[in-house]
1. What is the residue count in region 144-171 for residues that are in a loop (DSSP other than H, G, I, E, B) and under 15 Å from E13 (Cα atoms)?
2. Just a yes or no: is a residue in region 81-90 small (G, A, S), part of a loop (DSSP other than H, G, I, E, B), over 22 Å from I151 (Cβ atoms) and modelled with pLDDT under 95?
3. Taking the residues in region 1-31 that are of a type in the set (D, E) and farther than 22 Å from Q190 by Cα as candidates, determine which candidate is surrounded by the fewest Cβ atoms within 10 Å (Cβ to Cβ).
4. Which of the following residues is in contact (Cβ under 8 Å) with a residue 12 or more places away in the chain, touching a helix residue (DSSP H, G or I) at 6+ places or on another chain (Cβ under 7 Å) and hydroxyl-bearing (S, T, Y): S154, S164, S133, S196?
5. Can you name the residue in region 127-138 that is part of a strand (DSSP E or B) and of a type outside the set (A, V, I, L, M, F, W, C) and is also surrounded by the most Cβ atoms within 10 Å (Cβ to Cβ) among such residues?
6. Going through I141, I124 one at a time, which residue ends up being within 15 Å of the chain's Cα centre (by Cα), surrounded by 14 or more Cβ atoms within 10 Å (Cβ to Cβ) and assigned to a helix (DSSP H, G or I)?
7. Taking region 35-76, which residues are crowded, with 20+ Cβ neighbours inside 10 Å and part of a helix (DSSP H, G or I)?
Amino acid sequence: MNPWTTIPLNDYESHMNLPEIGQAEFLAGTMVAMIQTISPESVAVIGCAGGNGFDQIKECGVEHLIGIDINNDFCDVAFDRYGETFDHLEIMTADFCDESCQFDPVDFLFAGLLFEYVDCETAIKRCSEQVVSGGYFGAVIQLHCETMAEISPSPFTETLGVLSSIMTLVDPQFFEQIACDYGFTVVSNQTVELISGKSFQVFLFQNR
């Protein structure tokens, strides 16, 4: 069983929203900034959890939104929260890396903090298949830090700690090379450090 399927949404969201962690706001803000830059008509969010940032996506004028997560409880809450918000909202409980996870290719696909928990090359290959020609792929990966735990300590660490068994940080140069091998070109690439001291690499690619 994938440990992600055992995580309670309240624990995950509470952890990510802690001011000293700030990753929920960071991920939503990063995704929305990309959408504002490229103005896609259709968007897919891989690892959508309970719909972090979906309210802001709606404000950007996106009407066709696909959310995918491996945790069915996360998906149920995301649909309950936003099912009536969009003209066309699809929420899918699925393993994105599995070929059985199929949907119409989109103008923009976003995956934040996904690649640490999956086979990176397989996931990037799937992204290339699910983005239209000329469309965009946004990704956020966590960078290694010698002085900090990969999963930040919090009151929810006991619950989230099970994820350490499948978490592997990805080298950003390796990530970029694999993306380029599968037909993407780099539009932007920047390092962002949060108040916690953790750093993340933020990529925006275009599908050639």
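1. Number of matching residues: 6.
2. Filtering region 81-90 down to residues small (G, A, S) leaves 83.
Add one more test, that the residue is part of a loop (DSSP other than H, G, I, E, B), and what stays is 83.
Within this subset, residues satisfying the condition of being over 22 Å from I151 (Cβ atoms) are 83.
Checking which are modelled with pLDDT under 95 leaves us with 83.
Looking through region 81-90, at least one residue is small (G, A, S), part of a loop (DSSP other than H, G, I, E, B), over 22 Å from I151 (Cβ atoms) and modelled with pLDDT under 95.
3. Within region 1-31, the subset of a type in the set (D, E) is 11, 13, 20, 25.
Imposing the further condition that a residue be farther than 22 Å from Q190 by Cα reduces the set to 11, 13.
Details: D11: 16, E13: 18.
In this case the residue turns out to be D11.
4. The unique qualifying residue is S154.
5. Checked region 127-138; the qualifying residue surrounded by the most Cβ atoms within 10 Å (Cβ to Cβ) is G138.
6. The conditions single out I124.
7. I35, F54, I57, F74, C75
The values are calculated or read from the model by the stated rules, or taken from the named source; none is laboratory data. What you see is a predicted model, and the numbers here were worked out from it, not measured in a lab. As a convention, Cβ positions derive from the backbone with ideal geometry for all residues, glycine included, and neighbour counts pool all protein chains shown.
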